[in-house]
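**Q** Before I ask anything, here is the structure I am working with.
The values are calculated or read from the model by the stated rules, or taken from the named source; none is laboratory data. Keep in mind that what you see is a predicted model, and the values were worked out from it rather than measured. Don't worry about glycine lacking a Cβ; one is built from the backbone with ideal geometry, like all the others, and counts go over all protein chains shown. With ligands, DNA and RNA removed, areas are computed over all heavy atoms of the protein, side chains included. Shrake-Rupley method; radii C 1.70, N 1.55, O 1.52, S 1.80 Å.
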Amino acid sequence: MAQVYNPQEIEKKWQQRWAADHIYEVDEDNRRPKFYALTMFPYTSGDLHIGHWYAMAPSDVYARFKRMQGYNVLHPMGFDAFGLPAENAAINHGIHPYDWTMQNIENMRRQLKSMGAIYDWNREVITCLPDYYKWTQWFFLKFYHAGLAYRAKAPVNWCPKCQTVLANEQVVGEGICERCGTLVTKKDLEQWFFRITKYAEELLDHSHLDWPERIKTMQRNWVGKSEGAEISFWLEHEGIEQKCIKVFTTRPDTIFGVTFLLLAPEHPLVSQLTALERKAEVEEYIAWCRRQTEYDRLSLGREKTGVFLGSYVLNPLNGERVPIWITDYVLPTYGTGAVMAVPAHDERDLEFARKFKLPVRVVIAPPDWSGEELTEPYTEAGTMVNSGEFSGLPSERGYEAICALLEEKKWGKRTVIYRLRDWLISRQRYWGAPIPIIYCDKCGIVPVPEDDLPVLLPPDAEFKPSGESPLKYCQAFVNTTCPKCSGPARRETDTMDTFMCSSWYFLRYTSPETRDAPFDAAKVKFWLPVDLYTGGAEHAVMHLFYARFFIKALRDIGLVDFDEPFARLFNQGTIIYRGDKMSKSRGNVIAPDEYVTELGADAVRGYLMFVGPWELGGEWNDSGIVGISRWLNRVWNLVTTNYTPVCRDVIGPEDEKEFLHIIHKTIKKVTADLGKFRFNTMLASLMEFTNYLSKVKESGVVSDSLWREAINYFLLLLAPTAPHLAEELWARSGRPYSIHNQAWPEYDNELAREEEITLIIQVNGKLRDKVVVPASISEAEAKELALGRKRIQTYIDGKKLINVIYVPKRVVNIVLAPMQPE
């Protein structure tokens, strides 16, 4: 065979061999510790680009590393195939979403296989296939019977271009649709929700999770826990049965500073509390508010708007009459939809009061306050003033005292509220799992019997968006028989949010062949929770959040026995190209295919890991990948050409001692770097090792057996990164198939340990310090270390530096200019 590196030939050969030998198929072998390494599966909206590979190639390297360390590694792959991206792409291309999706899956599967990853393709899941979404529907029914799924009419986020409802998490930036960039509006619809708020407190707890702090913070902020008091303001209004309006406040100690009360425009009492002479103005304002996005309504810098209703409530603590206004910055979904306004101690309330010339009363005095008007709201703790019997108390004590009084008089109570809202799962689109519900005029809402699942998507439905569910116009789908009374009935025509499908796919990977259940319980018990989950940080408050809720709900239903789906989370960075994040929407994507064809998958894998720290990402550069390709060619030549040692009499023990030191030092460094996802420095170490081996080969100063041992270690270290090249060189070296079934090399700590020396540091030839350093320290490192020593700083600060002289492995002498006589 020609001694020329041909990656295309080698990669095809080994991929076929691995598949034929089922080398990466996984079972529940409990003789080895399990390790479930999962990468977020891709949407099926088109080709994979280099950005996708950046998520997948390094995670495959890590999975291979753990496998060689003796773990039983599950590292599966599948396709997130329902949802707007695939449907919109299909509409734009004029073909059916199923055909578009399956064509894309075929192509993406080919691309993924070309990467040479250790995916067990027998475990592949595709969320748009009936054998998968049957169980998505089954979970809906379980949630429904457990009281976790309910139907309600609510104002929802509506994208006029996508013609569908969006979850709050899918409205981004300045109130725009994350998919198409269109401004989102509000619309009242009957919708299906999951009661995620039941788990608000649990979802705040990340104490057992090894997750990035920023993701935990984002989730905590999304839950938005607030502790405070619910207070009843008395309502005396003719014709209204309700005798109070309840408000939530985090500062009950400021209740004596309330000078007006604010309601959300959507509050159910607004129409009843509106005075006749105010009716036209109020209705016009409400209509204007409904056209605003939630983002606009909450913007801090926005001018405050509102309308007086002509009605009042009474403050329970001082009996004052408090005017009732409506304003857009109070939302119906947070707290009670009513706010006690304390303008002296809240920024938005003060802006509102100043605009509408409402009173401002200081009730929490800042330090050294002497009664003057505040120029800005004071929001910190202080001393209570103008607060009746509570005046003079520190506000923290006042908080407790007022809460105690409210509870004693039954005017209010301590409570906790959450910003989190229930998960809206209804979508008025075709390409999703149908909601398994039937409506009967006689029986009402009737869940589809489990034996009748899946409720299949009709292939002949008109799927282009119209503002209503496309399934509504497919009579063969809509018209059905009530499972209870056998009378005529109608199917639910909304489909489920695609995040429903991705909230459990990691369970299905454990047993995709199971037909009578969503998963094999014993296999889930063996593999779950996922040990390492890798993917983008953009999923912090959607997929990652929903999956956590899903598992907690399944636990309570009795289907799983663990609390969290993902024990450890790692977010990779992004690939930059032409100054921006690589993405299809920006038109700057690079397909991996041409690079794989020209340079090989191993070169693409290697470059993606060398481009920068995995958590930060880096800039794609063609010259960089060519450099990796050249390195792989050097590795090929290093291993495939003969090594000739010099005469045995010339081989010295010091040479072989250094050789063993470098080998074990490299094993130690590569092992540590892989364990911490430092793929770029791991690869740099392998390159340095290549250079070192090349010099040794030229000199021939080690024995043939030691050379073969070094090559053995080198190929094992290379195997996770360049699996095809390593396999080929391993076979050519006469070693047993397969390198990927070999154990990860272990280093000898004694051999890996750096020899140390004592470095003398002088200033103008006089001994000023000593430091123990590695014997391999470079001149630049020695000089930098000497100049940075605290003790040396006292001698050189303010002095003129003339020179720094380095005597290798002995002395650093810092030369200063002589002091000038005054």
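**Q** Give the residue that is nearest to GLN742 (Cα to Cα), with candidates limited to residues of region 5-63 that are in a helix (DSSP H, G or I) and small (Gly, Ala, Ser).
**A** For region 5-63, the residue satisfying everything is ALA63.
**Q** On to the next question. State whether the residues of region 564-583 include one that is in contact (Cβ under 8 Å) with a residue 60 or more places away in the chain and part of a helix (DSSP H, G or I).
**A** Checked against the condition, which is being in contact (Cβ under 8 Å) with a residue 60 or more places away in the chain and part of a helix (DSSP H, G or I), region 564-583 yields no hits at all.
**Q** Still on this structure: Any residue in region 119-132 that is of a type in the set (Ser, Thr, Tyr) and closer than 30 Å to HIS740 by Cα?
**A** Yes, some residue in region 119-132 is of a type in the set (Ser, Thr, Tyr) and closer than 30 Å to HIS740 by Cα.
**Q** Another question, if that's okay. Can you find, within region 392-431, the residue that is modelled with the lowest pLDDT among those that are of a type in the set (Lys, Arg) and over 30 Å from THR44 (Cβ atoms)?
**A** Only one residue fits best here, namely ARG419.
**Q** Go through (1) surrounded by fewer than 17 Cβ atoms within 10 Å (Cβ to Cβ); (2) at negative phi; (3) modelled with pLDDT under 95; (4) not β-branched (Val, Ile, Thr) for GLY573 and report which single condition fails.
**A** Result: GLY573 fails condition (1) only.
**Q** Among the residues of region 244-253, is any part of a helix (DSSP H, G or I) and at pLDDT 95 or above?
**A** Yes.
**Q** Which is open to solvent by less than 50 Å² (accessible area, probe 1.4 Å) and in contact with a Pro (Cβ under 7 Å, 6 or more places away or on another chain), of ALA365, ALA353, ALA341, ALA401?
**A** Checking each option against the conditions leaves just ALA353.
**Q** Tally time: how many residues in region 676-689 are surrounded by fewer than 18 Cβ atoms within 10 Å (Cβ to Cβ) and in contact (Cβ under 8 Å) with a residue 40 or more places away in the chain?
**A** 2
Residues are listed down the side, and each one gets a yes or a no for (1) farther than 30 Å from ARG290 by Cα; (2) in a helix (DSSP H, G or I); (3) touching a strand residue (DSSP E or B) at 6+ places or on another chain (Cβ under 7 Å):
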{"site": "ILE105", "(1), (2), (3)": "yes, yes, yes"}
{"site": "TYR119", "(1), (2), (3)": "yes, no, no"}
{"site": "LYS134", "(1), (2), (3)": "yes, yes, no"}
{"site": "PHE140", "(1), (2), (3)": "yes, yes, yes"}
{"site": "TRP158", "(1), (2), (3)": "no, no, yes"}
{"site": "GLY181", "(1), (2), (3)": "no, no, no"}
{"site": "ASP205", "(1), (2), (3)": "yes, no, no"}
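**Q** Against the definition (more than 25 Å from TRP614 (Cβ to Cβ) and at pLDDT 95 or above), how does LYS34 come out, yes or no?
**A** no
**Q** Within the group ARG791, ARG753, ARG768, ARG732, which residue is basic (Lys, Arg) and within 30 Å of GLU9 (Cβ to Cβ)?
**A** On inspection, the qualifying residue turns out to be ARG732.
**Q** Hey, can you tell me all the residues within region 67-103 that are in a loop (DSSP other than H, G, I, E, B) and without any contact (Cβ under 8 Å) to a residue 40 or more places away in the chain?
**A** Listed by number, the residues that qualify are TYR71, GLY94, ILE95.
**Q** Tell me the residue from TYR329, TYR378 that is in contact with a His (Cβ under 8 Å, 6 or more places away or on another chain), assigned by TED's automatic domain parsing to the domain that holds PHE256, part of a loop (DSSP other than H, G, I, E, B) and touching a residue at least 24 places away in the same chain (Cβ under 8 Å), please.
**A** TYR378
**Q** Consider region 374-395. How many of its residues are surrounded by fewer than 18 Cβ atoms within 10 Å (Cβ to Cβ) and among the aliphatic types (A, V, I, L, M)?
**A** Of the residues in region 374-395, 2 are surrounded by fewer than 18 Cβ atoms within 10 Å (Cβ to Cβ) and among the aliphatic types (A, V, I, L, M).
**Q** Could we say that GLY371 is surrounded by 20 or more Cβ atoms within 10 Å (Cβ to Cβ), at positive phi and either not in a helix (DSSP H, G or I) or not assigned by TED's automatic domain parsing to the domain that holds GLN242 (or both) here?
**A** It is false that GLY371 is surrounded by 20 or more Cβ atoms within 10 Å (Cβ to Cβ), at positive phi and either not in a helix (DSSP H, G or I) or not assigned by TED's automatic domain parsing to the domain that holds GLN242 (or both).
**Q** Tally up the residues in region 266-298 that are part of a helix (DSSP H, G or I) and not aliphatic (A, V, I, L, M), please.
**A** Of the residues in region 266-298, 16 are part of a helix (DSSP H, G or I) and not aliphatic (A, V, I, L, M).
**Q** Are any of the residues in region 48-60 more than 31 Å from the chain's Cα centre (by Cα), open to solvent by 10 Å² or more (accessible area, probe 1.4 Å) and not β-branched (Val, Ile, Thr)?
**A** Among the residues of region 48-60, not one is more than 31 Å from the chain's Cα centre (by Cα), open to solvent by 10 Å² or more (accessible area, probe 1.4 Å) and not β-branched (Val, Ile, Thr), which makes the answer no.
**Q** Please go through region 404-429 and give me each residue that is under 30 Å from ALA547 (Cα atoms) and crowded, with 21+ Cβ neighbours inside 10 Å, ordered by number.
**A** Those that are under 30 Å from ALA547 (Cα atoms) and crowded, with 21+ Cβ neighbours inside 10 Å: LEU420, TRP423, LEU424, ILE425, SER426, ARG427, GLN428, ARG429.
**Q** So, in region 303-318, how many residues would count as being under 20 Å from ILE240 (Cα atoms) and either among the small types (Gly, Ala, Ser) or open to solvent by 30 Å² or more (accessible area, probe 1.4 Å) (or both)?
**A** Of the residues in region 303-318, 5 are under 20 Å from ILE240 (Cα atoms) and either among the small types (Gly, Ala, Ser) or open to solvent by 30 Å² or more (accessible area, probe 1.4 Å) (or both).
**Q** Give region 266-277 a look and list any residue that's closer than 20 Å to GLN292 by Cβ and either of a type in the set (A, V, I, L, M, F, W, C) or open to solvent by less than 10 Å² (accessible area, probe 1.4 Å) (or both), or say none.
**A** VAL270
**Q** What pairs can you find where one residue is in region 345-366 and under 23 Å from LEU317 (Cα atoms), the other is of a type in the set (D, E, K, R) and part of a helix (DSSP H, G or I), and their Cβ atoms are less than 7 Å apart, with a gap of 6+ or different chains?
**A** ILE364/ASP253
**Q** Of all residues in region 172-211, which are open to solvent by 40 Å² or more (accessible area, probe 1.4 Å) and touching an Asp or Glu at 6+ places or on another chain (Cβ under 7 Å)?
**A** Within region 172-211, VAL172, ARG195, THR197, HIS208 meet the criteria.
**Q** In region 786-806, is there at least one residue being touching a residue at least 24 places away in the same chain (Cβ under 8 Å) and closer than 22 Å to GLU688 by Cα?
**A** no
**Q** Suppose we keep only residues that are acidic (Asp, Glu) and touching a Lys or Arg at 6+ places or on another chain (Cβ under 7 Å) within region 486-543. Which one would you say is modelled with the highest pLDDT?
**A** ASP531
**Q** Return the total of residues in region 213-247 being under 20 Å from GLU538 (Cβ atoms) and open to solvent by less than 20 Å² (accessible area, probe 1.4 Å).
**A** 4
**Q** Being touching a Phe, Trp or Tyr at 6+ places or on another chain (Cβ under 9 Å) and open to solvent by 10 Å² or more (accessible area, probe 1.4 Å) is the filter; apply it to region 134-148 and report the residue that is farthest from LYS198 (Cα to Cα).
**A** Per the criteria, the residue is TRP135.
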